[in-house]
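Report on one structure; see the data block that follows.
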Amino acid sequence: MSLWNWIVADDTSPYSAAVRAESLQALQVALAALPDDQRMAIQLQQLEGKSVEETAAALGRTPDAVRGLVHRGKLGLVATL
């Protein structure tokens with residue numbers, strides 16, 4: 001299941017809702033701690049589903065640079081979470 005699908009999943013059990021809310025809050029804090037370019041690359045590509053090329057165009061970067069930003073951003077998220 002993709003991150004976005006998990007975020008918007010319509011699971012109404014109280015436990016699932018509480019876990020999702022806590023996880024989303026932790027994700028927001030971790031995303032905010034990333035450098036701006038990494039955060040934007042992850043937001044566009046991973047959360048909004050943009051392609052590498054679309055993300056590169058939006059950020060004014062090359063596709064290879066976007067791949068690097070996303071990779072480093074994911075490492076930062078893993079370290080924080």
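The values are calculated or read from the model by the stated rules, or taken from the named source; none is laboratory data. Because the structure is a prediction, the values reported are computed rather than measured. Because the Cβ atoms are built from the backbone with ideal geometry, glycine has one as well, and the counts that use them run over all protein chains shown. For accessibility, only protein heavy atoms count, side chains too; no ligands or nucleic acids. Shrake-Rupley method; radii C 1.70, N 1.55, O 1.52, S 1.80 Å.
Peptide packing: for 51-61, 19-29, the average count of neighbouring Cβ atoms within 10 Å per residue gives the ranking 51-61, 19-29, highest mean first. The list (i) -0.78, -1.00; (ii) -0.56, -0.88; (iii) -0.65, -0.89 gives values of log10 I(q)/I(0) by the Debye sum over Cα atoms at q = 0.15, 0.20 Å⁻¹, and only one came from this structure; which label was calculated from it? Evaluating log10 I(q)/I(0) by the Debye sum over Cα atoms at q = 0.15, 0.20 Å⁻¹ on these atoms matches (ii). State to the nearest 20 debye the size of the charge dipole of the chain about its Cα centre, where the only charges are +1 on K and R beta carbons and -1 on D and E beta carbons. Its charge dipole is roughly 220 debye.
Entry comment: accessible area of the chain is 65 Å² per residue, from protein heavy atoms only and a probe of 1.4 Å.
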